[in-house]
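The values are calculated or read from the model by the stated rules, or taken from the named source; none is laboratory data. All figures in this text were calculated on a predicted structure; none of them were measured in a lab. Using ideal geometry, Cβ is built from the backbone for each residue, glycine included, and neighbour counts are taken over all protein chains shown. Only protein heavy atoms, including side chains, enter the accessible area calculation; ligands, DNA and RNA are left aside. Shrake-Rupley method; radii C 1.70, N 1.55, O 1.52, S 1.80 Å.
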Amino acid sequence: MSTVPDNLRYASTHEWVQVDDDGIATIGISDHAQNALGDIVFIELPEAGAMVNSKDEVAVVESVKAASDIYSPVSGEILEVNEALLDAAETINLAPYVGGWFYKLKLIDASELDKLMDADAYVEHCDAE
Amino acid sequence: MGQHTPLYQKHLDAGAKMVDFAGWDMPINYGSQIEEHQRVRSTAGVFDVSHMTVVDISGDDAKAYLRKLLANDVDKLDAEGRALYSAMLNENGGVIDDLIVYRMSFGYRIVVNCATRTKDLAWMNSHSTGFDVALVEKPGLAILAVHGPQSREKVCVVLDQGQLYPVKTAAIKLLANFSGVELGNWFIARTGYTGEKGLELIFPEKEAPAFWDKLLAAGVHPIGLGARDSLRLEAGMNLYGHDMDEEISPLAANMEQTIAWQPEDRDFIGRSAAVRHRAEQAAGSMPRLVGLVLEQRGVLREGQRILCDNGEGIITSGGFSPTLKHSIALARIPVNSHSCQADIRGRLTPVRIVKPNFVRFGKKVFE
């Protein structure tokens with residue numbers, strides 16, 4: 001069974017978002033997603049400073065199985081990307097919710113979070129796939 | 001639900017992620033494909049390939065029949081147990097399947113691909129007319145491939161335990177590459193699909209679960225089909241339905257060496273077409289299967305276009321090489337191409353053309 005932390009919001013395309021008190025969102029992919037992709041070997045990340053809209057393609061994950069687009073679950077300005085992943089993409093497999101985060105952004109519309117799923121809804125979504 | 005090998009429950013017990021493979025439920029990995037790949041390169045791993053099809057061929061004309069059926073020549077098999085890799089061609093010189101044929105005490109044993117089983121059997125039966133041969137499919141057998149630098153020693157340790165197997169390990173230790181030995185109802189050969197030393201064991205399926213347990217207890221790791229594919233790709237070995245098929249000449253699939261052109265009067269099926277293909281190759285109009293290397297980030301994948309100085313080609317197999325830590329591929333490209341670029345998701349990326357053989361015995365082998 002994959003891990004689905006209660007404190008995150010989830011997109012149907014399997015990205016997770018965690019928002020701190022300052023409105024900074026951290027984005028990654030779920031344990032379910034990394035498990036489905038298999039061993040991840042390379043990642044392409046967005047540029048810090050870029051403005052992205054929700055559902056934009058912001059990153060690419062190359063696993064032993066396939067190349068997969070990663071969609072931003074929320075809109076905002078990218079503040080920081082996790083450059084450590086560029087040389088250690090397997091961190092996404094090992095720790096999808098901790099060391100495997102992709103980027104942080106400054107939220108521009110907190111109401112977008114309401115359109116994402118909570119943990120219970122996301123578990124149901126994965127089961128239905 | 002698909003078909004199950006005798007080790008289906010053992011795969012589940014080992015934590016396998018199961019996938020459909022040509023109608024069979026097979027393990028794609030047991031957690032990490034890359035870890036499994038590295039186990040085979042560094043120690044020893046076991047693959048369940050019991051889904052593959054075994055056909056035993058006996059009768060006075062068995063040799064004459066196979067000399068007609070196969071592009072390689074079973075006359076080269078000068079002793080029992082010897083193995084030969086061959087294409088089975090259609091009249092147009094396309095590849096119906098690739099296979100291994102062993103010379104056995106009773107005649108010959110052929111192991112063909114699982115996905116091509118039905119058409120292979122139909123083809124083999126339809127061309128047996130006029131020959132005194134019996135073709136018998138052997139579904140009750142397990143096939144395990146144990147590969148890696150420690151594979152032979154670990155298999156011998158298991159076979160030596162107790163009196164469970166009618167097998168003399170001395171005979172296995174003496175096996176030359178591409179040869180095997182029949183020991184009771186077991187057949188054990190030094191063949192495989194990884195570029196490492198190893199054995200393939202064909203034996204009664206009821207004995208498979210206990211033997212599997214003993215292999216794992218001896219430190220042999222279960223390996224899924226995912227790592228099987230990345231291992232064979234590093235070894236530059238073709239995969240049927242990807243690197244060649246019925247529309248592809250063996251000359252466009254790096255299989256020239258598996259066609260026995262001599263003696264000239266051996267009339268194997270597809271010979272006249274293959275001779276024409278050879279003329280096309282000499283004239284420069286037959287594409288060739290090459291190796292590609294991408295030393296920067298990114299992954300070459302099957303189906304990606306290759307733009308060469310001399311025309312366009314396509315990747316037939318591609319992926320990440322766990323040994324080399326970058327991507328490699330097999331691609332069919334126009335002859336006399338010297339530089340090329342891969343179209344990776346719309347981005348043209350320079351790749352290097354090399355001989356289609358990347359890793360042997362754990363080491364990089366191309367320049």
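Structure notes:
- The stretch B:281-320: C-alpha gyration tensor shape, a/c 1.5 cut-off, then a/b vs b/c: prolate
- Stokes-Einstein D (µm²/s) once Rh is taken as the Kirkwood radius of chain B over alpha-carbon pairs, at 10 °C in 1.306 mPa s: 74 µm²/s
- Distance from the alpha carbon centroid of the stretch A:59-129 to that of the stretch B:121-163 works out to 47 angstrom.
- Per-atom-type breakdown for the protein assembly as shown gives carbon and sulfur 49% of the accessible area (1.4 Å probe, protein chains only).
- Å² of accessible area per residue within the stretch B:287-367, as computed with a 1.4 Å probe and no ligands counted: 45 Å²
- Normalising by residue count, chain A has a Cα convex hull of 95 Å³ per residue.
- Taking the stretch B:287-367 and dividing mean pair separation by its residue count, relative contact order in percent (alpha carbons under 8 Å, at least six apart): 34 percent
- Pairs spanning more than 32 Å between alpha-carbon atoms, out of A:Lys65/B:Lys76; A:Lys65/B:Lys363; B:Lys168/B:Lys325; A:Lys55/B:Lys355; B:Lys10/B:Lys138; B:Lys76/B:Lys363: A:Lys65/B:Lys76; B:Lys168/B:Lys325; A:Lys55/B:Lys355.
- Burial of 30 Å² or greater, the stretch B:322-367 residues [accessible area, probe 1.4 Å, versus chain by itself]: B:Arg345, B:Arg347
- Charge-dipole axis of the protein assembly as shown as Lys and Arg at +1 and Asp and Glu at -1 on Cβ define it, positive-most pick from B:Leu233, A:Ser30, B:Ala64: B:Ala64
- A Gaussian network model of chain B, with springs between Cα atoms under 10 Å, assigns the largest mean-square fluctuation among B:Gly236, B:Gly319, B:Gly184 to B:Gly184.
- Those residues of the stretch B:298-313 for which accessible area with every protein chain present is at least 10 Å² below the isolated value (1.4 Å probe): B:Gly298, B:Val299, B:Arg301
- Over the stretch A:9-119, relative contact order from alpha-carbon pairs under 8 Å, at least 6 apart, %: 33 percent
- Taking the stretch B:111-135 and a reference point 7 angstrom along Cα→Cβ of B:Ala22, the backbone N atoms nearer than 20 Å belong to B:111-127, B:135.
- Cβ-based net charge around A:Leu8, under 11 Å, with every Lys or Arg adding one and every Asp or Glu removing one: -3
- Length released on extending from B:Glu247 to B:Gln341, taking residue separation times 0.36 nm less the Cα-Cα span: 31.3 nm
- Net charge of the neighbourhood of B:Val55, taken over other residues with C-beta under 9 Å away and scored Lys/Arg +1, Asp/Glu -1, is -1.
- For the protein assembly as shown, cysteines whose Cβ has no other cysteine Cβ within reach (under 4.7 Å): A:Cys126, B:Cys114, B:Cys156
- For the stretch B:42-122, the alpha carbon convex hull comes to 132 Å³ per residue, rounded to a whole number.
- Within the stretch A:24-129, trypsin sites (Lys or Arg not before Pro) in DSSP loop having at most 14 other beta-carbon neighbours inside 10 Å: A:Lys55
- Within the stretch B:234-342, GluC sites (Glu not before Pro) in DSSP loop having at most 16 other beta-carbon neighbours inside 10 Å: B:Glu246, B:Glu247, B:Glu264, B:Glu295, B:Glu302
- In loop segments of the stretch B:1-108 as defined by DSSP, the GluC sites (Glu not before Pro) with at most 10 further C-beta atoms inside 10 Å of their C-beta are B:Glu91.
- Charged-residue dipole, Cβ positions (Lys, Arg, Asp, Glu), chain B about Cα centre, Debye nearest 20: 1140 debye
- Considering only B:Asp245, B:Asp229, B:Asp60, the mean-square fluctuation computed in a Gaussian network model of chain B, springs between alpha carbons under 10 angstrom, is largest for B:Asp60.
- Directionally averaged shadow of the stretch B:257-367, computed from the convex hull of its alpha-carbon atoms, nm²: 8.4 nm²
- Calculated FRET efficiency for the pair B:Arg360/B:Ala279, C-beta based, R₀ 30 Å, to 0.05: 0.40
- Max mean-square fluctuation residue, GNM over chain A, Cα-Cα springs under 10 Å, options A:Ala33, A:Ala11, A:Ala84: A:Ala84
- Centre separation in Å (Cα based) which lies between the stretch B:1-44 and the stretch B:60-84: 33 Å
- Interface A-B: total buried accessible area of about 1300 Å², 1.4 Å probe, protein heavy atoms only.
- Rounded to the nearest whole angstrom, the semi-axes of the ellipsoid equivalent to the stretch B:118-272, taken from the Cα gyration tensor as √(5λ), stand at 32, 21, 16, largest first.
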